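Written out below as structure tokens is the structure these notes cover.
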Amino acid sequence: MIRTNNLTKIYRTEEVETTALGSVNIEINEGEFVSIMGPSGCGKSTLMNILGLLDNPSGGEYHFIGTEVSKFTERQRAHMRKENIGFVFQSFNLIDELTIYENVELPLLYLKTPSSERKQMVEKVLEHMQIMHRRNHFPQQLSGGQQQRVAVARALVANPKIILADEPTGNLDSSHGDEVMKMLTDLNEAGTTIVMVTHSPTYAEYGNRVIHLFDGQVVTENYKEKFHV
Amino acid sequence: MLKSYFKIAFRNLIKNRNYALINIIGLSLGMAAVFVITRFVFEELSYDQDNQFKNRIYRVYHDGKEKSGATQAILTTAIEDKFPEIEKTVRIGKYWQDYNLIRYENRIEKVEPFYFADPEIFDVLNIPLLQGNTETCLDDPDAVVITRQFGEKYFPGQNPFGKILTIRYGNSFYDRKITAILDEIPKNTYLNPDVLLPLKFLEQVEQSDLFTNWGFNSVTTLFLLKKNAEIEQLTAKLNNFVSALAPEWFKPDYRLQPLTRVHLYSSDISCRIGEYGDIAQVRLYGAIALIILIIACINFINLSLVQSSRRIKEIGVRKVVGAGRSALVYQSLLESILLSVISLAFAFLLLKLLLPFANQIFNRQMQLSLTENLSFFLVMIFIALLVGLVCGGSTALIFSSLKPVTLFSNKQIYSSGNSLFKRTMLAFQFVTFCGLIIASLVIRNQMIYLSGKQLGYNTEQVMVIMRPPGDTNKKYNVFASQLQNHSAIQSVTISSFVPPVFGNWITQSLEKDENMEWVIADTSYLSALDMKLVAGRNLRENEPGAILLNETAYKKRFSNQPFTPDMEIGTDNKKRIVGVVQDFHTHALYQKIDPLFIENAGIDDFIACISIKLSAGQIPEGIQQAKQIWQKIYPNDLFSFQFIDEKFDQIYQNDEQFAQLISFFTFLAVVIACMGLFGLISFTAVQRTKEIGIRKTLGATIQNIALLLCREYLIIGMISFVFAVPILYYLMEIWLQRFAYHINLDWWIFALSGLIAFSIAALTVSFQAIKAATANPVESLRYE
């Protein structure tokens, strides 16, 4: 599903050149749950931005679902993104002015899903995430865990092929963190590919593979035999 | 989707209500000002547009050395049936306008000027009748046509049709039969008569050869041309025809002016009838409206940028979940259009409130009616939508072009290009801001100068009454001697002319074909008007050939030669100079003082003015006494007077109106610009929150931080001021050229304007800067 060849990202200013990613080669198959770990500044979020088509690499190739996308324009990336990728962020990134229902509905609006179908899809995912009773509330009225559940619901509602989660438990206490991890595992088991950046070795273990990054390079890739049932 | 945009727009409005309020207030004020001016511009441009023959009606005027709208009454009779291009002609005249009186129920009242016209006026000017027949109502010399309002006033509760109205012409009263009632004529019509009299009436009563002499420029002539008439060709033919027909001394120089241009494009044509505007004024006000609109838009954009920068996360999220650039642009446009539509509603309310004041300032009777002013309403809506589109579009383009990654990274979202955009907008606002302050100071100072300038005579406590037609010196002498018996009256004088524009200003050439202003006055003229003699003595009774010169005339003729009592002037008609009077301004300060002489001659032959100098502190008593004596001596004439200083106020009315408008718009522009500035400094404070926190933890003082935030604005302000000064110097020089006597554009005016602009701007930015500087640094660093 995802394959990168010598992927690089270099930030240039007038005087300084900083290599955020240097020749990253990774491959992620459909149905995998991959955790990405590494110290602060190692390039995890940069990699996630490129994998999530939020940013273009400086060099190398990036094949996403069989298409080379590294030279895509913002318009092409936006199109690819909305059809295939769901995002979950550390800080939830819900729109404060929209209700829970409206936040979850948003990706479907941009996909121009018909109204009746949209209603069904949103309600289904809200039920699934057990936040249906909060549908008319605003994000500030919810706990962190509940907000992250909404964010996951939003990531899921359009049935994306892959979910990219950037430290989804970073702003949560351990019980809510466990809850979110359980949700992601369940989704993975249902067939959704998940790529997650995390600082926590414990949560990284939820994945079937852990990629370690250091100074913009992949240093180790650990495959695990363990699969959650 | 649209529903979602609306929802978020409304919720954002409520959430950020303070910004929304500032934005809406600024925009509403700006729009209201623009609408008031636009309404005036529309009114001016609408004159005679409703006339069904508007493209075929032309006014004849003389295009000689001095343009004049007065033509000869004989013209239309001379050319009758000679020009197939001319379908109809009409002559309109206005005479004795200071003596337009009617008598009813034994009372005499002054009314709006009577117009004398040919019956064709109804067809040509499209004037509708409520009662009567357009073909015949002006046929009879004894007829009179009045408006419905006039009838309601003087014949309340009755149908005035067929009734008798007594009108005054010259020194006689005539009973006229009302043969038609005019329907209401729209105000934006070239001619708006209350009372119409047949021109035939004039032919009957006028003793002079008004209708047969090519030397009498006495009527306004309008032509209704046939379709597709060639104007240039017709003009040439007309001039040639008249040239062959008229006496040799008469050199025809006729030109034709389309009716639709008469109202606005006639400022250089003298002897006009009807209501006039000035295209230069319309353009000037249009430019002011445009500047205000731009200031309001810049303000709107600045404040929208502030708000959008607070919504970066939302924009980022929308991008991440699939919003394309166009979706974000639509959303931004919708939000700004929503704001501008709300502002439009408020602006409309303000317009309704301001319209009576605008009517007063512009001297118009503008209305707001959806049916009659539909195009104006459409333009208002168009302006509001345009503002929304331009303002929403510019912020949308900045934010929607950012990559989603940038939107989440808390980085500076302004690229150098955007920053330049912001600075340019700010600089434009500052230049306008400083410019308007300079303009209002200069204009206000000039107005103070005009009202305070010594004119060489007394403008206060002198009331001027126009002498009734047919009055004799014998009758006047009785009036004057009775007046002088009262303590409230200091002196009385009769003269052909009283400055600034009472009576007839006549010129005469004494020698070398050099025209001099000629005032015929009695011996009390100097004392009643407090004029000073600089040499010689005053005029005496029964002293034929004796004159007084003003200083300008004396210097022009005799240079530095000292005055001697036996000096003479004139070639054929020699005059003896008995004294030199100190220069006085015969006109308002638009004109230089011209050479002038005063002579005590037969005043009987002239339309004259009676000037009565009242004692200070006894003005009401003086007026009352004058009125009582007047009614006794001139029972058939209305006691109507004006003080000289009031006349000056009338003359300067246009400039005073301009001064008031500029002051108002300056105030408005300053308020709007300050709101924008306030928004921008808030924006900068938000953008630099982290930097402020770090600097504070490193020991920066409140002053350091405040200066850091204000510095950019103060520098832009100073640069803009440097730009504004030469532009305004040039523009104000042009404006001051209107006046022969004006203030100098001293450096202190610019310095003071700069100081005012700088103080206002500094106050605005320092408030927010200090607020940001005094915030707890922990707050700003907590999220890092």
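The values are calculated or read from the model by the stated rules, or taken from the named source; none is laboratory data. Treat the numbers as computed from the prediction; the structure is a model and nothing was measured. Here the Cβ positions follow ideal geometry from the backbone for every residue, glycine too, while neighbour counts run over all protein chains shown.
Here are the numbers for the structure shown:
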{"item": "Residue within the range B:30-43 that is on the phi > 0 side of the Ramachandran plot, modelled with pLDDT of 85 or more and away from chain A (no Cβ under 14 Å) present", "result": "no"}
{"item": "In the range A:88-112, residue nearest to the other protein chains (Cβ to nearest Cβ) [restricted to those that are within 15 Å of B:Val321 (Cα to Cα) and without any contact (Cβ under 8 Å) to a residue 40 or more places away in the chain]", "result": "A:Tyr110"}
{"item": "Qualifying residue in the range A:154-175 (condition: within 14 Å of chain B (Cβ to nearest Cβ), crowded, with 18+ Cβ neighbours inside 10 Å and more than 18 Å from the chain's Cα centre (by Cα))", "result": "no"}
{"item": "Test set (1) under 19 Å from the mean Cα position of the chain (by Cα); (2) closer than 26 Å to A:Gly191 by Cα - A:Asn56 fails condition number", "result": "(2)"}
{"item": "Filter result for B:Lys319 (basic (Lys, Arg) and closer than 21 Å to B:Tyr19 by Cα)", "result": "no"}
{"item": "Given (1) more than 27 Å from B:Arg318 (Cα to Cα); (2) touching a residue at least 40 places away in the same chain (Cβ under 8 Å), number of the condition A:Arg3 does not satisfy", "result": "(1)"}
{"item": "Any hit, the range A:127-143, residues being away from chain B (no Cβ under 14 Å), closer than 14 Å to A:Val88 by Cβ and touching a residue at least 12 places away in the same chain (Cβ under 8 Å)", "result": "yes"}
{"item": "Residues that are facing chain B (nearest Cβ under 7 Å) and surrounded by fewer than 16 Cβ atoms within 10 Å (Cβ to Cβ), drawn from the range A:66-87", "result": "A:Arg75"}
{"item": "Among the candidates A:Gly38, A:Gly59, A:Gly22, A:Gly66, residue that is free of Cβ contacts under 8 Å to residues at least 24 places away in the same chain and more than 27 Å from B:Arg318 (Cβ to Cβ)", "result": "A:Gly66"}
{"item": "Residues (crowded, with 19+ Cβ neighbours inside 10 Å, charged (D, E, K, R) and either free of Cβ contacts under 8 Å to residues at least 40 places away in the same chain or not assigned by TED's automatic domain parsing to the domain that holds B:Leu196 (or both)) located in the range B:138-179", "result": "B:Arg176"}
{"item": "Lone unmet requirement of (1) part of a loop (DSSP other than H, G, I, E, B); (2) surrounded by fewer than 23 Cβ atoms within 10 Å (Cβ to Cβ); (3) within 16 Å of the chain's Cα centre (by Cα) for A:Asn136", "result": "(3)"}
{"item": "The range B:683-699 - residue that is more than 12 Å from B:Leu709 (Cβ to Cβ) and touching a residue at least 60 places away in the same chain (Cβ under 8 Å) and, of those, farthest from the chain's Cα centre (by Cα)", "result": "B:Thr697"}
{"item": "Residues (modelled with pLDDT of 90 or more, crowded, with 17+ Cβ neighbours inside 10 Å, within 30 Å of the chain's Cα centre (by Cα) and not hydroxyl-bearing (Ser, Thr, Tyr)) located in the range B:230-281", "result": "B:Arg255, B:Leu256, B:Gln257, B:Leu259, B:Val262, B:His263, B:Leu264"}
{"item": "Flag for A:Leu53 being in contact with a helix residue (DSSP H, G or I) (Cβ under 7 Å, 6 or more places away or on another chain) and aliphatic (A, V, I, L, M)", "result": "yes"}
{"item": "Helices (runs of 4 or more DSSP H) wholly inside the range B:258-359 that include at least 2 residues being within 14 Å of another protein chain (Cβ to nearest Cβ)", "result": "B:279-309, B:312-320"}
{"item": "Wholly enclosed strands (runs of 3 or more DSSP E) of the range B:41-137 bearing at least 2 residues outside the structural domain of B:Ser218 (by TED's automatic domain parsing), touching a residue at least 24 places away in the same chain (Cβ under 8 Å) and surrounded by fewer than 19 Cβ atoms within 10 Å (Cβ to Cβ)", "result": "none"}
{"item": "Those helices (runs of 4 or more DSSP H) lying entirely in the range B:602-714 with at least 2 residues under 30 Å from B:Asn458 (Cα atoms)", "result": "B:619-633, B:644-651, B:653-687"}
{"item": "Test for B:Asn600: is it within 30 Å of B:Asn171 (Cα to Cα) and of a type in the set (S, T, N, Q)", "result": "yes"}
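Every residue, every condition in (1) in contact with a Leu (Cβ under 8 Å, 6 or more places away or on another chain); (2) free of Cβ contacts under 8 Å to residues at least 40 places away in the same chain; (3) among the acidic types (Asp, Glu), yes or no:
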{"residue": "B:Trp518", "(1), (2), (3)": "yes, no, no"}
{"residue": "B:Thr552", "(1), (2), (3)": "yes, no, no"}
{"residue": "B:Asp566", "(1), (2), (3)": "no, yes, yes"}
{"residue": "B:Pro595", "(1), (2), (3)": "yes, no, no"}
{"residue": "B:Ala601", "(1), (2), (3)": "no, no, no"}
